[in-house]
Amino acid sequence: MRALVYNGPRDVSVVERPDPTIEKPTDALVRITTTNICGSDLHMYEGRTSMESGRILGHENLGEVIEVGKAVERVKKGDRVCLPFNVSCGCCENCERGFTGACIRANPGGVGAAYGFADMGPYAGGQAEYLRVPYADFNCLVLPEDAEEKENDYVMLADIFPTGYHATELAGVRPGESVVIYGAGPVGLMAAYSATIRGAYQVMVVDTNKDRLALAEQIGAIPIDDTEQDGVEQVLELTNGLGADRGCECVGYQCFNCAQRETPGLTMNNLVKAVKGTGGIGVVGVFVPQDPGGATDLAKEGKIPFDIGMFFYKGQQMAIGQCHVKRYNRYLMNLIHAEKATPSFVISHELPLQDAPEGYENFDARSDGWTKVVLKPGR
């Protein structure tokens, strides 16, 4: 099969690899029809992780089941399925409690597993023609009859739509509240979209990328251009000096200031300023334990300067961590099926798998108009 592999920093290529096979009775094989490039992939693409050369990338995957192991009962050949980026066993202590992103069986010695991701188990990614899916009965979300028609919407259930929703859940967004989102990338846009779905009356999105801010405005959010580093002041002005009820961090450790200088912790501290006293903050932007390419000595150790004094003084609450996709994907799928959600609005480019290196290059450079790239291995 053809697959996209990581060779080294900013070097990926499409090569021939052996087709995956059923390794355990609980496995399924899926022919990938759509797979996305995620902002998290860029951390590996840039060489900012311990990703091994030669591994297949891709954790946002959707396709058709072509074979199942003998122990698979629920999922059938021919089913169209979307696959959470979390590889989860479904029966460990954490999975039983709903924390499928922290499965302790799928990645022995670690907490949480994923397809094609550094330090999250040995699983091949899905930016390829075929993918082996472990624990298939648990991990496959079988899609409704409109799966092919709405494929670009349903593939967002693999990661960014649930992750954006997770940000609002962590922040505690309730109907009638105001919400500020830091980051207008795909996850930030999904957080803004989710905040609206949850009934927020005012959703503000802070970024410096005008293309992405335009998309935020398109879904009814208030775009806040932080080019002059006055985003906090704009939020306070829009909230009568009080700050937003809730805030979501959707950028992570590779945050850049208005001068395009990497400034770890900037969004976290701006959220403390922009969210009102006793307000809630949800953090889904990726932070890592070590970052050899960090902009500061502190960042290299996976640490940031954080305004804990003001956070304490304001009595705010914070929840943080990767999304447990299975908590949300079925319910968000129902919204898509009922045509009450269309998360594909974030897509800017559809490319054949062969053009994935171009997609990575432009998405990484934040080239004008490159918001979300979906790959079609069958083309």
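The values are calculated or read from the model by the stated rules, or taken from the named source; none is laboratory data. Since the model is a prediction, treat every value here as computed from it, not as a measurement. Heads up, the Cβs are rebuilt from the backbone with ideal geometry, glycines too, and the neighbour counts pull from every protein chain shown. Ligands, DNA and RNA are excluded from the accessible area calculation, which covers all protein heavy atoms including side chains. Shrake-Rupley method; radii C 1.70, N 1.55, O 1.52, S 1.80 Å.
Carbon and sulfur together cover what percent of the accessible area of the range 1-64 at a 1.4 Å probe radius? Can you show the working numbers first?
Numbers: 1120 of 2250 Å².
With neighbouring chains kept in place, the figure for the range 1-64 is 50 percent.
Straightening the chain between residue 137 and residue 257 buys 38.8 nm, computed as 0.36 nm per residue apart minus the Cα-Cα spacing. A straight line joining the Cα centroids of the range 205-254 and the range 158-200 runs 13 Å.
Simple spin-label estimate for residue 229 and residue 149 gives 5.1 nm between the two label positions (7 Å along the Cα-to-Cβ direction from each Cα).
With the biggest extent put first, the Cα atoms of the range 283-332 measure 42, 33, 11 Å across the principal axes.
Keeping all protein chains in place and using 1.4 angstrom, which order do 105, 327, 48 fall into by accessible surface area, from largest down? Mind showing how you got there, number by number?
Details: 105 115, 327 90, 48 25 Å².
Largest accessible area first, the list is 105, 327, 48.
Computed from backbone phi, the HN-Hα couplings of the range 71-78 come to 8, 7, 10, 7, 8, 10, 4, x Hz, rounded to whole numbers (Karplus: 6.51 cos²θ - 1.76 cosθ + 1.60, θ = phi - 60°; Gly and Pro given as x).
Projection of the Cα convex hull of the range 1-54, averaged over all directions and equal to a quarter of that hull's surface, yields 4.6 nm².
Semi-axis lengths, largest first, of the ellipsoid equivalent to the range 248-354 are 30, 22, 13 Å, with √(5λ) applied to each eigenvalue of the Cα gyration tensor. For the range 35-95, the calculated P(r), taken from all Cα-Cα distances in 10 Å bins from zero up to the bin holding the longest distance, is 17, 37, 33, 14, 0 percent. One quarter of the surface of the convex hull around the alpha-carbon atoms of the range 338-379 equals 3.6 nm², the direction-averaged projected area. Per-residue surface analysis assigns residue 30 an accessible area of about 0 Å², computed on protein heavy atoms at 1.4 Å probe radius. Coordinate range of the alpha-carbon atoms in the chain per principal axis, descending: 60, 42, 40 Å. Measuring between alpha carbons in the structure, the pairs from 273/303; 210/372; 276/372; 276/326; 273/372 lying more than 25 angstrom apart are 276/372; 276/326; 273/372. Computed 3J(HN,Hα) for the range 48-61, one whole-Hz value per residue from the Karplus formula 6.51 cos²θ - 1.76 cosθ + 1.60 where θ = phi - 60°, is 9, 9, 9, 4, 7, 4, x, 7, 7, 8, x, 10, 10, 10, glycine and proline marked x. Using a Gaussian network model of the chain whose springs link C-alpha atoms within less than 10 Å, name the residue from 169, 148, 129 with the highest mean-square fluctuation. Top of the fluctuation ranking is 148. Remark: spin-label model distance residue 300-residue 21 equals 4.5 nm, labels positioned 7 Å along the Cα→Cβ axis. Rolling a 1.4 Å probe over the protein heavy atoms leaves residue 217 with an accessible area of roughly 110 Å².
At 10 °C and a viscosity of 1.306 mPa s, what translational diffusion coefficient does Stokes-Einstein give for the range 1-108, taking Rh as the Kirkwood radius over Cα pairs? Give it in µm²/s as a whole number.
102 µm²/s
Considering all different alpha carbon pairs of the range 176-314, the Kirkwood hydrodynamic radius works out to 14.9 Å. Taking all protein chains as shown and a probe of 1.4 angstrom, residue 335 keeps an accessible surface of around 50 Å².
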